[in-house]
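*Asks:* One structure is given below, represented as structure tokens, and several questions about it will come after.
The values are calculated or read from the model by the stated rules, or taken from the named source; none is laboratory data. Just so it is clear, the structure is predicted and the values come from calculations on it, not from any experiment. In this analysis, Cβ positions are derived from the backbone assuming ideal geometry, glycine residues included, and neighbour counts consider all displayed protein chains. Side chains included, ligands, DNA and RNA excluded: accessible areas come from the protein's heavy atoms. Shrake-Rupley method; radii C 1.70, N 1.55, O 1.52, S 1.80 Å.
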Amino acid sequence: MSAQEQEPERPVTWSRRSRTLTIGGVALVVLTCLAAFVPVPYSTMRPGPVFNTLGEFDGRPLIEFGDGVTTYDDPDGSLNFTTVSVSRASSDVSLLDAVKTALTPDAEVVPRDLLYPEGTTQEQSTQESAAQLAGSKSTSAVAALRALGKDVTTRVLVASVVEDGPAKDVLQADDLVRSIDGVAVATPQEAVDQISKAKPGDTVTLDVERAGKPQQVSVTTVPAEDDPDRALVGVTLGADYDLPVDVTNNVGEAIGGPSAGTMFALAIYDKLTPGSLTAGRDIAGTGTIDADGVVGPIGGVKQKIAGADEAGAEVFLVPAANCAEAAESDRDLTLVKVEKLTGAIDALEALAKDPDAEVPTCE
């Protein structure tokens, strides 16, 4: 058909509708893009770095001892504590980030309130993590020294005094409580049991040590809010320990939480005993620990196993309560099941002698 014979153009009677559809499509795309950046009530968890407890932290030995303490080096192997990189309490996780994290191997998206109770600020979260780390440093040293057969004395410590409570201006944080109404107390539970013998309104007498000096103070008890028959003095009690060996843990507060306790304890034990728990291998692990050496569960075990694997670890120590979840990992590490510090020591000593030794595992 020649140009002269070409049919006239048809009227574009649908052009207005097309523009409407196009504008609507663009609006939908824009809204979808905006939705991707809308904050969602979730937090993200990814594998974090590992740190060798037998090595250094910020240029200083991670574990140090007082003058005159004989220590033993384990230069070829490592006892690594593992971490999880978690979105901060103050961070807004977008829908897009949550989806990307959920699709990332070894990463996880969890409801935010599982990690941070509603209303928790970043400052509160940091303070809590720092307190947990401090407690972990303390109990790990106690557990390790007790595993070595050393005598560690427990003392009752006033951790904090309730504002406007009956003990305000009477007791102070860091007071050591020696006795209550003439009865010696050696643990926080013993102190609580002794106070509970009083009735609300009774006055209890406490022998305390403050800045090295003995004092006697009296506190008039008040009823507990949840039980009017239970007497309170308005303090939080904790445990303080008299260590026969000076132990300093130099991990900074950039690392928070209690989950490195088991690995701290193993490092202290390894440094104070001849021989090597690692046999030159890279060992990693996790787990809280109490003063009696009981290993407790932690969060983020899959992320910690992944981080350990990427750092070259061959063996991973898993709290018994985390074994089922750990066994789901597809990482090629020996997952050693641990219930107590002494069990972890026994397993590592067996593997040091024979890499194929039978030890409790999560598999």
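*Asks:* Return the distance in nm (one decimal) between the two label points of a simple spin-label model at residue 56 and residue 350, each offset 7 Å from Cα along Cα→Cβ.
*Replies:* With each label placed 7 Å out from Cα toward Cβ, I get 3.7 nm.
*Asks:* Any idea what the dipole of the range 224-278 comes to, in debye rounded to 20, about its Cα centre with Lys/Arg Cβ at +1 and Asp/Glu Cβ at -1?
*Replies:* Numbers: 2 positive and 9 negative charges, 84 e Å.
Dipole of the range 224-278, to the nearest 20 debye: 400 debye.
*Asks:* Using a 1.4 angstrom probe, figure out how much accessible area the range 129-218 has per residue, in square angstrom, rounded to the nearest whole. The partial results should precede the final answer.
*Replies:* Details: 4560 Å² over 90 residues.
For the range 129-218, the per-residue accessible area is 51 Å².
*Asks:* Starting from the Cα-Cα distance between residue 104 and residue 240, subtract it from 0.36 nm times their residue separation and give me the gain in nm to one decimal.
*Replies:* Numbers: separation 136, 0.36 × 136 = 48.96 nm, distance 4.32 nm.
Difference between extended and current length: 44.6 nm.
*Asks:* So I have [x] 19.7, 70; [y] 19.3, 55; [z] 29.2, 119, and one of them is Rg and Dmax of the Cα atoms in Å calculated from this model. Which one is it?
*Replies:* After the calculation, the listed value that fits is [z].
*Asks:* Suppose the chain between residue 184 and residue 357 were pulled fully straight at 0.36 nm per residue; how much longer would it get relative to their current alpha carbon spacing? Each step should come with its number before you reach the end.
*Replies:* Details: separation 173, 0.36 × 173 = 62.28 nm, distance 4.73 nm.
Full extension from residue 184 to residue 357 adds 57.5 nm.
*Asks:* Do the sum for the chain: with -39,500 (n - 2.57) for every DSSP H run of n ≥ 4, divided by all residues, what is the mean residue ellipticity at 222 nm, to the nearest 500 deg cm²/dmol?
*Replies:* Numbers: 9 runs with 106 residues, N = 363.
Dividing the helical sum by the residues of the chain leaves -9000 deg cm²/dmol.
*Asks:* Any of 137/197; 168/197; 271/302 with alpha carbons more than 24 Å apart? Name them for me. The partial results should precede the final answer.
*Replies:* On the way: 137/197 33 Å; 168/197 21 Å; 271/302 29 Å.
Beyond 24 Å between Cα atoms: 137/197; 271/302.
*Asks:* As an exercise, use a Förster radius of 35 Å and the Cβ-Cβ distance of residue 328 and residue 253 to find the FRET efficiency, rounded to the nearest 0.05.
*Replies:* Working: r = 32 Å, r/R0 = 0.91.
The calculated FRET efficiency here is 0.65.
*Asks:* Let me ask you something else. Run the accessible area of the range 70-190 with a 1.4 Å probe and give the carbon-and-sulfur part as a rounded percent.
*Replies:* Numbers: 3150 of 6500 Å².
Carbon-and-sulfur percentage of accessible area, whole number: 48.
*Asks:* Between 220, 44, 139, which gets the highest mean-square fluctuation from a Gaussian network model of the chain, Cα cutoff 10 Å?
*Replies:* 220
*Asks:* Continuing with this model, one more query. In the range 65-172, with Lys and Arg counted as +1 and Asp and Glu as -1 at Cβ, which of these residues, 107, 84, 152, has the Cα nearest the positive end of the dipole, that is, farthest along it?
*Replies:* After comparing all options, I get 152.
*Asks:* Output wanted: per-residue J couplings in Hz (rounded whole) for the range 110-118, from phi through Karplus 6.51 cos²θ - 1.76 cosθ + 1.60, θ = phi - 60°, x for Gly and Pro.
*Replies:* Whole-Hz 3J(HN,Hα) from phi for the range 110-118: 10, x, 4, 6, 6, 9, 10, x, 3.
*Asks:* When only C-alpha pairs under 8 Å and at least 6 residues apart count, what is the relative contact order of the chain, in percent? Could you put the intermediate results ahead of the total?
*Replies:* Numbers: 710 pairs, mean separation 72.6, N = 363.
The normalised contact order for the chain reaches 20 percent.
*Asks:* Sticking with this one: Tell me which residues come under 5 Å, amide H to amide H, from residue 160 once H is placed; ignore anything under 5 positions away on its chain.
*Replies:* Correct list: 236.
*Asks:* Testing the spin-label approximation: label points 7 Å from Cα along Cα→Cβ at residue 205 and residue 229. State their distance in nm.
*Replies:* Modelled inter-label distance: 2.8 nm.
*Asks:* Accessible area of the range 266-363 with a 1.4 Å probe: how many percent of it is carbon plus sulfur? If you can, show how the numbers build up before the last one.
*Replies:* Numbers: 1730 of 4020 Å².
In the range 266-363, the share of accessible area belonging to carbon and sulfur is 43 percent.
*Asks:* Separation of the range 258-289 and the range 132-177 by C-alpha centroid, Å?
*Replies:* 24 Å
*Asks:* Still on this model: Under a Cβ-only charge scheme (Lys and Arg +1, Asp and Glu -1), can you give me the dipole magnitude of the chain about the Cα centre, in debye to the nearest 20?
*Replies:* Values: 28 positive and 56 negative charges, 204 e Å.
For this selection, approximately 980 debye.
*Asks:* Now a separate question. Among residues other than residue 319 whose Cβ falls under 13 Å from its Cβ, what is the net charge (Lys/Arg +1, Asp/Glu -1)? Intermediate results must be reported in sequence, preceding the final value.
*Replies:* Numbers: positive: 304, 337, 340; negative: 290, 325, 339.
Spelling it out: positives minus negatives among the neighbours equals 0.
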